[in-house]
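The structure under discussion appears below in the form of structure tokens.
The values are calculated or read from the model by the stated rules, or taken from the named source; none is laboratory data. It should be emphasised that the depicted structure is a prediction, and the values quoted were computed from it without experimental measurement. Every residue, glycine among them, receives a Cβ derived from its backbone with ideal geometry; neighbour counts consider all protein chains shown. In case anyone asks, the SASA skips ligands and DNA or RNA and just uses the protein heavy atoms, side chains included. Shrake-Rupley method; radii C 1.70, N 1.55, O 1.52, S 1.80 Å.
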Amino acid sequence: MITAGIDLGAKFVKVLFLKDDEVLARTQERAGFEPAEAAKRAFAAALSESGLTENDLDAICATGAGRQVSPFTRESITEVGAAARGTTYLHPSVRTVIDVGGEEGRAVKCGDTGKVEDFAVNEQCAAGAGSFTETIARALEVPLEEFGKLSLKSTKTIPMNAQCAVFAESEVVSLMHAKTPKEDISRAVHDAIASRIISMVRRVGISNEVALIGGVAYNPGFVDALERGMETKVVVPEHPEYVGALGAALTARERSK
Amino acid sequence: MKANYGYMDGSGEYYITIDTDPCNDCADHPCVSACPVGMFEIIVDDYDDEVAAIKEENRKKVKYDCAPCKPVTDRPPLPCVKACPADAITHSW
Amino acid sequence: MAEDKKEFWRWKEYNWHDDTKDWKSAETITAGVDVGSVSSQAVIMLDGELYAYSNMRTGSDSPDSARKAMDWALEGTGLTLEGIHFIVGTGYGRVNVPFSNRAITEIACHARGGNMMYGNTVRTILDMGGQDCKAILCDERGKVSNFLMNDKCAAGTGRGMEVFADLLAVPIEEVGELSLDVEEEPPPVSSTCVVFAKSEATSLLRDGWSKKRVLAAYCSAMALRVVGLLERIGVEKDFAITGGIAKNSGVVIRLERQLGLKALQSKYDTQIAGALGAALFAKTLVEKKRKQAV
């Protein structure tokens, strides 16, 4: 059986095709103003990447904030459900999933089959999402990829007072004027966002096995801050931004059995 | 006076309200030691009343600082609210 | 690019004093200094009447900003700092006003100042400052009965508006009027968060929206946001708006529409409410001190 998962996130639409344990395609498109159009483009790209036609697909399932506007299917699963399902498929012993995207953060506590037991969400505020680091990296004129790595070079903990990304931007500009090294600023920024995410994780409980998914999982500075803050190792699956789409593809398969 | 400490952001409204009139009548202020994070302090306000307040450094992050007392499930009564003999403390979320 | 980046958010600083009044014949000279995170004001009062004031951008150093605001208010009056009987510091940097006799919170000062600016029938004061927003309920003497503040989030503050002025390259003083120059009121920007609202606005522009229309959508969102804050304390008549945003007609008119309530007008500059209240507190305090001395 071949199934597709479509994750209509706030910033990107991701499509994943799954056959048994093999991923046939992974594609993404910027969501922009019309996520349905972006989904169509990502879907077409996945078809050409896999060499399949739409008829080869047995079932499709959507997830993400824009799942209601998915042009292909009425089948859908919540972001929380997809995150838990996708993560436990890849790492069966994980019981706490942290999902941080551009515009939202989630903490999910799950059972052994990826069943959601508890979850907490932060959305509609950049302070608890990937946008926070993006905004600051832009203010410092450092590419996002480098900004995360910079943090690992710092050993100094400096506090950040501002909670809001807009106010934090002014604060880091002052820090720059005061000749604070960029690596220390980077660490302060990553510690700040990690502490907000961790407080959310504590509300659902931190288990022995914790995984981080979503695009922010590519940021080593954030992973480091998370591990230091929770005093536990954090597993980052391969292709962390596609875990939601994978969860949706798995759901499509299970529902059509 | 109703003193609201906290904030509102895109994700919601997070205020701890202290009713300073009944609070002023309380001598012991057990809220201070009841809070596991130590967010409460006793201040003399602008009208010379001795009342409890949320510390400046906690006001912009009550959502996060209060999180340990607000697990998603099995939520027990809040220690600060429970400790207050004057029923002067309420949370908006 | 060698050319300087134009700063659309930057507003003009100013000072003023009343030439018709003579401080030499005053019995009590008091002052209030409000050091905010974005702007600082100093107000000088003669026997409880407004005499002089200044409004400046706050620098990186609070004591220095307080001193500069005070010096600028004194400019041209012949009066010196030593000639002032009592000074109250307020605002975010109130503990850093080195020459003040006492610090009082900006909440209490705004209520007191609003009481004078708008008359004692005012019950609800909304202060929209550069980096915060305050909603205050007060009694006929200007004493606070309920308040809340929001200084955690940039939405609903002057800073949020500055971000938009900069994004759209519109001078901040023109935002209000431009936003009202639309044929049909657009739906408000849906994101509260300024960061997200900014990317939403970028999409709207790409989608062919005019600058005016985007500004209208943002002013409307800002009004909606502030209504949310006001609902928490419960609006009572009469209602007044202070702070820099009170000068933005695009936000004020939409706010009045959403509340179904007109805001009171004042002959005073809306940005001096905090400093004015501080100077009034200073008068009460110096009179109390004199009585105790007798």
TODO: Tally the residues that are without any contact (Cβ under 8 Å) to a residue 12 or more places away in the chain and assigned to a loop (DSSP other than H, G, I, E, B), restricting the search to region A:211-250.
DONE: 1
Task: Qualifying residue in region C:110-133 (condition: of a type in the set (Asp, Glu) and more than 13 Å from chain B (Cβ to nearest Cβ)) - done: yes
Task: C:PRO186 being of a type outside the set (Phe, Trp, Tyr) and either closer than 21 Å to B:TYR7 by Cβ or open to solvent by less than 10 Å² (accessible area, probe 1.4 Å) (or both) - done: yes
TODO: Check every one of the helices (runs of 4 or more DSSP H) wholly within region B:7-60 and list those with 2 or more residues that are under 17 Å from C:ASN146 (Cα atoms).
DONE: B:20-24
TODO: Would you be able to say whether some residue in region B:67-84 is at pLDDT 95 or above, open to solvent by 60 Å² or more (accessible area, probe 1.4 Å), within 14 Å of the chain's Cα centre (by Cα) and more than 10 Å from every other protein chain (Cβ to nearest Cβ)?
DONE: yes
- [ ] Could you tell me whether A:ALA225 is open to solvent by less than 10 Å² (accessible area, probe 1.4 Å) and closer than 25 Å to B:VAL62 by Cβ?
- [x] yes
- [ ] Answer yes if at least one residue in region B:14-31 is within 14 Å of chain A (Cβ to nearest Cβ), open to solvent by 40 Å² or more (accessible area, probe 1.4 Å) and not aromatic (Phe, Trp, Tyr), and no otherwise.
- [x] no
Task: Failed item in (1) surrounded by fewer than 18 Cβ atoms within 10 Å (Cβ to Cβ); (2) among the charged types (D, E, K, R); (3) part of a helix (DSSP H, G or I), with A:ARG253 passing the rest - done: (1)
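Yes/no per residue for (1) within 12 Å of C:ASN15 (Cα to Cα); (2) open to solvent by less than 20 Å² (accessible area, probe 1.4 Å); (3) at pLDDT 95 or above:
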residue	(1), (2), (3)
C:ASP47	no, no, yes
C:LEU50	no, yes, yes
C:SER54	yes, yes, yes
C:SER60	no, no, no
C:ASP64	no, no, no
C:ALA69	yes, yes, yes
C:LEU79	no, yes, yes
Open item on the list: For region A:51-102, give me each residue that is surrounded by fewer than 17 Cβ atoms within 10 Å (Cβ to Cβ) and basic (Lys, Arg).
Closed with: A:ARG74
Task: Residue list for region B:45-66, filter: farther than 25 Å from A:MET160 by Cβ, at pLDDT 95 or above and within 14 Å of chain C (Cβ to nearest Cβ) - done: B:VAL51
Task: Where a residue in region A:39-58 is in contact (Cβ under 8 Å) with a residue 60 or more places away in the chain and its partner, wherever it lies, is surrounded by fewer than 14 Cβ atoms within 10 Å (Cβ to Cβ), with Cβ under 7 Å and at least six apart - done: A:ASP58/A:MET1; A:ASP58/A:SER256
- [ ] Could you grab the pairs with beta carbons closer than 7 Å, sequence gap of 6+ or different chains, first residue in region B:1-18 and under 17 Å from C:GLY160 (Cβ atoms) and in contact (Cβ under 8 Å) with a residue 40 or more places away in the chain, second one part of a strand (DSSP E or B) and open to solvent by 10 Å² or more (accessible area, probe 1.4 Å)?
- [x] B:TYR7/B:TYR14; B:SER11/A:GLU123
Open item on the list: C:VAL226 - would you say it is assigned to a helix (DSSP H, G or I), buried (at least 16 other Cβ atoms within 10 Å of the Cβ), in contact with a Leu (Cβ under 7 Å, 6 or more places away or on another chain) and assigned by TED's automatic domain parsing to the domain that holds C:VAL175?
Closed with: yes
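Okay, residues lined up against (1) within 20 Å of A:HIS91 (Cβ to Cβ); (2) basic (Lys, Arg); (3) not assigned by TED's automatic domain parsing to the domain that holds A:VAL142:
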| residue | (1), (2), (3) |
| --- | --- |
| A:ASP191 | no, no, no |
| A:ASN208 | yes, no, no |
| A:LEU226 | yes, no, no |
| A:LEU246 | yes, no, yes |
Task: Close pairs (6 angstrom Cβ cut-off, 6 or more residues apart or separate chains): more than 25 Å from C:CYS153 (Cα to Cα) in region A:171-185, open to solvent by less than 60 Å² (accessible area, probe 1.4 Å) and of a type outside the set (Val, Ile, Thr) anywhere - done: A:GLU183/A:LEU150; A:GLU183/A:SER154
Open item on the list: So, in region A:96-142, how many residues would count as being facing another protein chain (nearest Cβ under 8 Å) and hydroxyl-bearing (Ser, Thr, Tyr)?
Closed with: 2
Open item on the list: Looking for something under 26 Å from A:ILE136 (Cβ atoms), touching a Ser or Thr at 6+ places or on another chain (Cβ under 6 Å) and open to solvent by 10 Å² or more (accessible area, probe 1.4 Å) - is there at least one such residue anywhere in region C:195-207?
Closed with: yes
- [ ] Return a yes/no flag: does region A:155-171 have any residue that is under 21 Å from C:VAL38 (Cα atoms), within 14 Å of chain B (Cβ to nearest Cβ) and within 19 Å of the chain's Cα centre (by Cα).
- [x] yes
Task: Boolean, A:ARG106 is within 15 Å of the chain's Cα centre (by Cα), surrounded by 24 or more Cβ atoms within 10 Å (Cβ to Cβ) and outside any strand (DSSP E or B) - done: no
Open item on the list: Please determine whether any residue of region C:150-171 is open to solvent by 20 Å² or more (accessible area, probe 1.4 Å), touching a helix residue (DSSP H, G or I) at 6+ places or on another chain (Cβ under 9 Å) and more than 14 Å from every other protein chain (Cβ to nearest Cβ).
Closed with: yes
Open item on the list: Cβ-Cβ under 8 Å, sequence separation 6+ or interchain: first residue in region C:217-229 and more than 12 Å from chain B (Cβ to nearest Cβ), partner aromatic (Phe, Trp, Tyr). Which pairs?
Closed with: C:ALA217/C:TRP209; C:TYR218/C:PHE164
Task: Residue among C:THR105, C:THR121 that alone is within 26 Å of B:LYS63 (Cα to Cα) and either open to solvent by 20 Å² or more (accessible area, probe 1.4 Å) or not polar (S, T, N, Q) (or both) - done: C:THR105
Task: Pairs with Cβ under 6 Å, 6+ apart, first in region A:88-103 and farther than 15 Å from A:GLY244 by Cβ and without any contact (Cβ under 8 Å) to a residue 60 or more places away in the chain, second open to solvent by 10 Å² or more (accessible area, probe 1.4 Å) and β-branched (Val, Ile, Thr) - done: none
